[in-house]
Amino acid sequence: MALAMDTATGTPAAEVEVNGRRYALPHRPVAVICYDGCDPAYVAAAREAGIVPHLARMMDEGFAATALAAMPTFTNPNNVSIVTGAPPAVHGISGNYYYDAATGREIMMLDAEGMRGGTVLAALAAAGVRVAAVTAKDKLLKALAKDLAGIAFSAERADEATLAANGIEDATRLVGRPAPEPYVPDLSLFVLDAGVRLIGEGMADVAYLSLSDLVQHSHAPGTPEANAFMAAVDQRVGALLAAGAVVGIVADHGMNDMAEDGGAARVTYLADRLDAAFGEGRTRVVCPITDPFVRHHGALGGFVRVHVTDPALAAAEVLAAVAAMDGVGEALSGAEAAARFELPPEREGDVVAIGAPNVALGAHAADHDLSALAGTRLRSHGGLAEQRVPFVLSHPLTDAYRAKAAGPLRNFDIFDFALNGVRG
């Protein structure tokens with residue numbers, strides 16, 4: 001590595017500062033995996049089945065705990081939290097999709113618009129560390145690669161990677177197979193195989209590897225399909241360990257079944273209820289889980305925002321109506337939600353609704369196409385019930401970080417622990 005110089009001392013910099021935290025530059029490879037949708041129940045079932053020997057060894061010989069994901073428990077806010085080491089109130093991304101009340105626009109997050117503050121990845125790269133960010137879904141790439149002078153590409157569009165735009169030419173040549181289709185487990189395995197090559201061949205000192213939650217949306221913990229995927233991921237984890245990497249594994253959110261006994265989705269459609277209570281067009285319900293991959297979940301999750309668009313309608317009335325709805329576990333004002341969950345206040349609705357456990361929340365029933373579930377049970381995330389996630393490191397912690405882990409542990413602490421907290 002050609003390390004950046006400390007201008008005060010004239011010596012190579014030993015650390016970088018990002019969003020108020022300091023991160024040591026690595027002296028050995030580091031791979032952080034965001035295991036999208038990996039509820040702790042998947043890990044427990046796979047360990048019981050004896051199919052994840054490398055993960056089991058990490059948990060036994062390194063460090064293992066559960067941490068809390070950022071709210072809402074969706075992909076974009078949590079991936080950005082992980083790479084910035086900070087909650088959404090700091091980095092500005094509080095959903096995959098949001099409503100800009102000032103302009104009346106509904107915006108899907110497909111780039112770094114609205115993202116503030118830097119990333120650990122970009123800061124390390126600026127200090128001379130060779131950094132790679134590989135994500136399953138292209139929707140995340142621009143946020144993860146914000147200001148990053150390194151390798152950054154998605155499995156979804158690996159064949160389109162260029163040296164100028166992505167730091168690598170046609171990433172399918174790196175992995176040795178074509179770019180996967182969006183709705184197959186290999187989308188995630190491609191990411192991990194790329195990480196193994198990047199670390200193993202010395203092309204990256206630090207790699208952030210962000211997977212897809214396709215399997216978890218479709219299959220419960222302990223099912224043959226879920227266990228097969230866990231085993232396939234474990235093989236790649238073993239290859240990263242064999243390459244000498246410190247491996248950190250965390251998830252962006254958990255996953256829960258949100259279906260009735262007969263298989264129908266268990267959903268409360270807030271917009272239909274609010275139209276019936278107050279009249280059409282007086283409120284707007286926004287589902288921030290919405291992204292280009294709605295086939296996973298039909299844009300149904302455990303967290304929605306309600307904007308009161310009629311000035312004559314009191315937000316307190318809407319809040320009371322939402323709180324009384326079956327299927328709503330908690331209803332808060334936007335200000336209360338921002339303060340409690342460390343969210344940017346300017347992105348909040350007038351009312352925030354969080355689903356009761358195993359209940360999905362939606363807008364109008366007509367807004368959600370569930371035909372793509374093709375008879376499978378709805379499994380989704382977004383609420384408090386999906387906040388607990390695995391937090392695993394391949395190496396033991398220092399005494400200081402073992403003490404630190406006893407306090408509230410967040411998924412976005414993973415780079416701090418992987419770079420600053422392991423022994424050796």
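The values are calculated or read from the model by the stated rules, or taken from the named source; none is laboratory data. If you're wondering where the values come from, they're calculated on a predicted model, not measured in any experiment. Virtual Cβ from ideal backbone geometry, glycine too; neighbours counted across all protein chains shown. To get the accessible areas, we keep the full protein, side chains included, count just its heavy atoms, and leave off ligands, DNA and RNA. Shrake-Rupley method; radii C 1.70, N 1.55, O 1.52, S 1.80 Å.
The residue list 42, 35 contains one member that is at pLDDT 95 or above, hydroxyl-bearing (Ser, Thr, Tyr) and closer than 29 Å to residue 128 by Cα, which is 35. State yes or no: is residue 39 in contact with a helix residue (DSSP H, G or I) (Cβ under 9 Å, 6 or more places away or on another chain), crowded, with 24+ Cβ neighbours inside 10 Å and of a type in the set (D, E, K, R)? So residue 39 passes the test.
Kindly indicate which of 197, 177 is more than 22 Å from the chain's Cα centre (by Cα), of a type in the set (Lys, Arg) and part of a loop (DSSP other than H, G, I, E, B). Break it down stepwise before answering.
On the way: 197 fails: part of a loop (DSSP other than H, G, I, E, B).
177 is the lone residue from the list that is more than 22 Å from the chain's Cα centre (by Cα), of a type in the set (Lys, Arg) and part of a loop (DSSP other than H, G, I, E, B).
One line per residue, one yes/no per condition, for (1) in contact with a strand residue (DSSP E or B) (Cβ under 6 Å, 6 or more places away or on another chain); (2) among the aliphatic types (A, V, I, L, M):
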{"residue": "329", "(1), (2)": "yes, no"}
{"residue": "344", "(1), (2)": "no, no"}
{"residue": "363", "(1), (2)": "yes, yes"}
{"residue": "409", "(1), (2)": "yes, yes"}
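Listed by first and then second residue, the pairs linking a residue in segment 270-292 that is farther than 30 Å from residue 92 by Cβ to a residue that is crowded, with 17+ Cβ neighbours inside 10 Å, with Cβ atoms under 7 Å apart and 6 or more places separating them unless they lie on different chains, are 273/325; 277/321. Kindly indicate whether residue 174 is without any contact (Cβ under 8 Å) to a residue 40 or more places away in the chain and open to solvent by less than 40 Å² (accessible area, probe 1.4 Å). Answer is yes for this residue.
The condition of being surrounded by 24 or more Cβ atoms within 10 Å (Cβ to Cβ) and outside any helix (DSSP H, G or I) holds for only one of 107, 93, 82, that being 93. Of all residues in segment 356-368, those satisfying the criterion of being open to solvent by 20 Å² or more (accessible area, probe 1.4 Å) and more than 26 Å from residue 101 (Cβ to Cβ) are 356, 357, 358.
Based on what the data block shows, is residue 319 within 25 Å of residue 75 (Cα to Cα), among the aliphatic types (A, V, I, L, M) and under 29 Å from the mean Cα position of the chain (by Cα)? When the stated conditions are applied, residue 319 does not pass them.
Here's a check for you: in segment 60-79, which residue that is part of a helix (DSSP H, G or I) and closer than 13 Å to residue 37 by Cα is farthest from the chain's Cα centre (by Cα)? Walk me through it before giving the result.
Filtering segment 60-79 down to residues part of a helix (DSSP H, G or I) leaves 60-61, 75-79.
Okay, now just the ones that are also closer than 13 Å to residue 37 by Cα, so 75-76, 78-79.
Values: 75: 4, 76: 6, 78: 4, 79: 4 Å.
Among those residues, the one meeting the criterion is 76.
Taken over segment 388-424, residues that are touching a His at 6+ places or on another chain (Cβ under 8 Å) and crowded, with 23+ Cβ neighbours inside 10 Å amount to 1. Determine whether segment 149-161 contains at least one residue that is without any contact (Cβ under 8 Å) to a residue 24 or more places away in the chain, assigned to a loop (DSSP other than H, G, I, E, B) and open to solvent by less than 50 Å² (accessible area, probe 1.4 Å). Yes, segment 149-161 contains at least one residue that is without any contact (Cβ under 8 Å) to a residue 24 or more places away in the chain, assigned to a loop (DSSP other than H, G, I, E, B) and open to solvent by less than 50 Å² (accessible area, probe 1.4 Å). Residues considered: 299, 372. Of these, the only one that is modelled with pLDDT under 95, in contact with a His (Cβ under 9 Å, 6 or more places away or on another chain), surrounded by 15 or more Cβ atoms within 10 Å (Cβ to Cβ) and closer than 27 Å to residue 257 by Cβ is 299.
Filter segment 7-28 down to the residues that are open to solvent by 60 Å² or more (accessible area, probe 1.4 Å) and over 30 Å from the mean Cα position of the chain (by Cα), then identify the one that is modelled with the lowest pLDDT. Checking each candidate, the answer is 7. Comparison of 89, 102, 165 shows that the only residue that is free of Cβ contacts under 8 Å to residues at least 12 places away in the same chain, under 26 Å from residue 363 (Cα atoms) and of a type in the set (A, V, I, L, M, F, W, C) is 102. In segment 329-355, the residues that are crowded, with 21+ Cβ neighbours inside 10 Å form Cβ pairs under 7 Å with partners that are in a loop (DSSP other than H, G, I, E, B) and modelled with pLDDT under 95, at six or more places apart or across chains, as follows: 334/348; 334/349; 337/348; 343/94; 347/94.
Conditions tested, residue by residue: (1) farther than 22 Å from residue 290 by Cβ; (2) touching a Phe, Trp or Tyr at 6+ places or on another chain (Cβ under 7 Å).
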position: 345; (1), (2): no, no
position: 376; (1), (2): no, no
position: 389; (1), (2): no, no
position: 399; (1), (2): yes, no
position: 406; (1), (2): yes, no
position: 415; (1), (2): yes, yes
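The set of residues in segment 356-391 being of a type in the set (Ser, Thr, Tyr) and out of contact with any Ser or Thr (no Cβ under 6 Å at 6 or more places or on another chain) consists of 371, 380.
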